[in-house]
Amino acid sequence: MTTGTRPALGSGSGALSADGTTEARRSARTGLAGLAGAATNGLFGFLLAVVITRGYGTVGSGAFFAAIGVVTVTAAICTLGAETGLIWTLPRRRAGRAGDAARVLPVALLPPLVAAVVVAVSGVFAADALAPHLLDANSGTDTALIAASFAAVPLVVAMTLLLAVLRCVRPIRAYVGVQSVLVPVARPVLVGAAAVSSGGVLVGMVGWVVPAAIAILACLVMVTGPLGVGRGAALRPERADWSAFWRFALPRAASAAIDASAVWVGVLLTSVLAGQADAGVFGAVGRYILAGQLAMQGLRVAVSPQLSRLLGDGERAAAAAVHRQMTTWALVLSWPVYLLLAVFGLAFLQLFGPGFTAGATAITVLALAMLVNTGVGNVQTLLLMSGRSGLHLAATVAGLVVTVSLGLWLIPQHGVTGAALAWAAGIATENLISFVCARVVIGQPLVDAALVRAAAAVVVGVGIAALAGVLTGGRGIAGLVVALSVLAIGCVGLLTVPRVRGRVRVTMRQFRRSQAAAPVAADTSTKGR
């Protein structure tokens, strides 16, 4: 299949060369949009964590985070890997009334939604039995909270699948508008309203779920047109559609559940083995750790369709070039966050309230582990978009086994710190295995000199700022303010260096060239890409 004879949803431009430089420039525009969405998502995700912890305290927030964990883990399992299957499949198909892209929808949507409904109904009926095992207390409120969590699973599954379709058939700004703006902005507003009105954790949980329903409606409005649904596009799949899709998606089903539930497995284990108060602290720590990962997540969703197309066309060198560029960006944006979290974890947790400072050691452990995660880049995406979902599953299972095994051993005696040590070991295991597998599968270098130089510069620069903060203000809020001030002054000073200004101008030219190429891409591929 070539983009010149069979325009694909994510093909970009068949007229342009698929060499590494061209593809890296093309990824710049989508990468920038993904980063903007990640920044918004991170800001309001942090605001949501503050609303939950301040509004419900350590015990209440522990119950809230446990409920979110039930939804997140269960929905990830019920999705069956179909969201990644859609991102892998749709860029390789034709859209519109005469295309074959719409045929994928029944294949991808029906099995996960049926599974979600079955699990939701079963969970609602079993809520009374599950509540005392997942939460400390055993009351009608706890039972209702667990029941509401399971009832929300079909909504979250539908939202996840439709967002994947939206990412492939519309420009990335549409995806960012729903996934990174609408949902994260609405959640703290609705949950905050529930907390202020003394509505309790159950009402707050409803406020957390409602934005998913709004997102579903928004996605449905935006995806039907480009796919030709309702305008003559064939929706009846062929037998080959089912076999091709689920051969890829089923191995991804388990790994997707593990990926999506990473922090929530720790929350649930901590809630069961150490109590709701410790689970609330671990949930707060996890919010910071996930916030630091948002830059890499934003870049992943931005370039995944592009990587699927390149690897589908055998352009492995170009795909590796895109990966190296995105890894450098992720490292430069994420490592300062994690290095500051490692040093000033106490200061960050003080923002949640005095009851959460017990997680200071845990946040340091996890922040150091996340340096490995961001340092190797989105190697999991490379494996998935190359069709090697089985290898990705092996890596994620290895990470989960390490996390759960160490968690069962460490959490009863060490609480939050034990949960963090277990998760950190799982993070390192999964990412190092994925890196080795991706290097073998792609057959191209995944690290270059520019990446190494960027890592060294970040460590030195942030290290100097952190040292200044600790020496003058300690590891609390005062020291953090000093470190941030030194970093800000250093960044302004770098902009006075001619070489740095030249690199900034080169990057901006990349963005402009990517934007200039967009009309060409629209001429050679499906409208609404």
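The values are calculated or read from the model by the stated rules, or taken from the named source; none is laboratory data. Please read all numbers here as calculations on a predicted model, not as lab measurements. Cβ coordinates were reconstructed from backbone atoms using ideal geometry, including for glycine residues, and neighbour counts include every protein chain displayed. Ligands, DNA and RNA are excluded from the accessible area calculation, which covers all protein heavy atoms including side chains. Shrake-Rupley method; radii C 1.70, N 1.55, O 1.52, S 1.80 Å.
Key figures for this structure:
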item: Most positive-pole-ward Cα, 346, 409, 435, against dipole of region 306-446 from beta carbon charges; result: 435
item: Separation of alpha-carbon centers, region 146-170 and region 457-499, rounded to whole Å; result: 41 Å
item: FRET efficiency, 1/(1 + (r/R0)^6) with R0 45 Å, evaluated for residue 467 and residue 213 via beta carbons; result: 0.40
item: Spin-label model distance (nm) - residue 173 vs residue 481, 7 Å beyond Cα toward Cβ; result: 3.9 nm
item: Heavy-atom SASA rank of 238, 315 (probe 1.4 Å, accessible area, largest first); result: 238, 315
item: Net length gained if the chain between residue 118 and residue 436 were fully extended (0.36 nm per residue, minus Cα distance); result: 110.7 nm
item: Protection-proxy order for peptides 75-83, 461-469, 361-369, each taking the mean of Cβ atoms within 10 Å per residue, highest first; result: 75-83, 361-369, 461-469
item: Centroid-to-centroid separation of region 186-211 and region 351-385 [C-alpha atoms, Å]; result: 27 Å
item: Difference of contour (0.36 nm per residue) and Cα-Cα distance, residue 193 to residue 221; result: 7.3 nm
item: Per-peptide average of other Cβ atoms within 10 Å, ordering 480-487, 446-453 highest first; result: 480-487, 446-453
item: Most to least packed among 65-72, 111-118, 84-91 [average Cβ atoms within 10 Å]; result: 84-91, 65-72, 111-118
item: Gained length - residue 231 relative to residue 450, 0.36 nm times residue gap less alpha-carbon distance; result: 74.0 nm
item: Computed label-point distance, nm, for sites residue 247 and residue 128 using a 7 Å Cα→Cβ extension; result: 4.8 nm
item: In region 190-255, trypsin sites (Lys or Arg not before Pro) in a DSSP loop with at most 12 other beta-carbon atoms within 10 Å; result: 231
item: Spin-label pair residue 54/residue 401, simplified geometry with 7 Å Cα→Cβ offset, distance in nm; result: 4.5 nm
